[in-house]
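The structure under discussion appears below in the form of structure tokens.
Please treat every number below as a calculation from the coordinates, not as lab data. Source: prediction; values computed, not measured. We place every Cβ from the backbone using ideal geometry, glycine too, and count neighbours over all the protein chains shown.
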Amino acid sequence: MAIRDTNGNLVLILERVRPARLQRACRRLLQTEISVGEISFEIGYENLSSFNNHFRIGMEEIANVVAEQR
């Protein structure tokens, strides 16, 4: 499903909510001892590889490296 942005361009809804999901994952990685895999599933990813790719691109960090900063 898609929506139009302020410029009239079609944008997938997932693209709009992804940044908030990744920020939530980042907070969980820093504040809990939960594994990267569990957090990825918790925020709605079914595929860990997909989560890791989106996290790396969106947060400009590697999820495992963020988790090690706890």
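What the table below lists for this structure:
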read-out	value
Under DSSP loop assignment and at most 11 Cβ neighbours within 10 Å, longest GluC sites (Glu not before Pro)-free interval of the chain	1-32
Kirkwood Rh, angstrom, the chain [1 / mean 1/r, Cα pairs]	12.7
Table column - 3J(HN,Hα) (Hz), the stretch 58-67, Karplus curve with 6.51, -1.76, 1.60, x for Gly and Pro	x, 9, 6, 8, 9, 4, 5, 5, 4, 4
Whole-Hz ³J(HN,Hα) from phi, Karplus 6.51 cos²θ - 1.76 cosθ + 1.60, for the stretch 40-55, glycine and proline x	4, 5, 4, 8, x, 8, 9, 10, 4, 4, 4, 4, 4, 5, 5, 5
Relative contact order (%) - criterion: Cα under 8 Å, at least six apart; region: the chain	27
Label point distance in nm, Ile3-Ile62, each placed 7 Å from Cα along Cα→Cβ	3.5
0 to 90° range, to nearest 10: angle between helix 13-31 axis and the chain longest Cα axis	20
Under 5 Å, built H, 5+ apart or other chain: amide partners of Val11	Ile3, Arg4, Asp5
Magnitude of the charge dipole, the chain, Cβ model with Lys/Arg +1 and Asp/Glu -1, debye to 20	240
Order of Ser50, Ser40 - criterion: other Cβ atoms within 10 Å of each residue's Cβ, fewest first	Ser50, Ser40
Computed [θ] at 222 nm, helices only, for the chain once each DSSP H run of length n ≥ 4 contributes -39500 (n - 2.57)	-19000 deg cm²/dmol
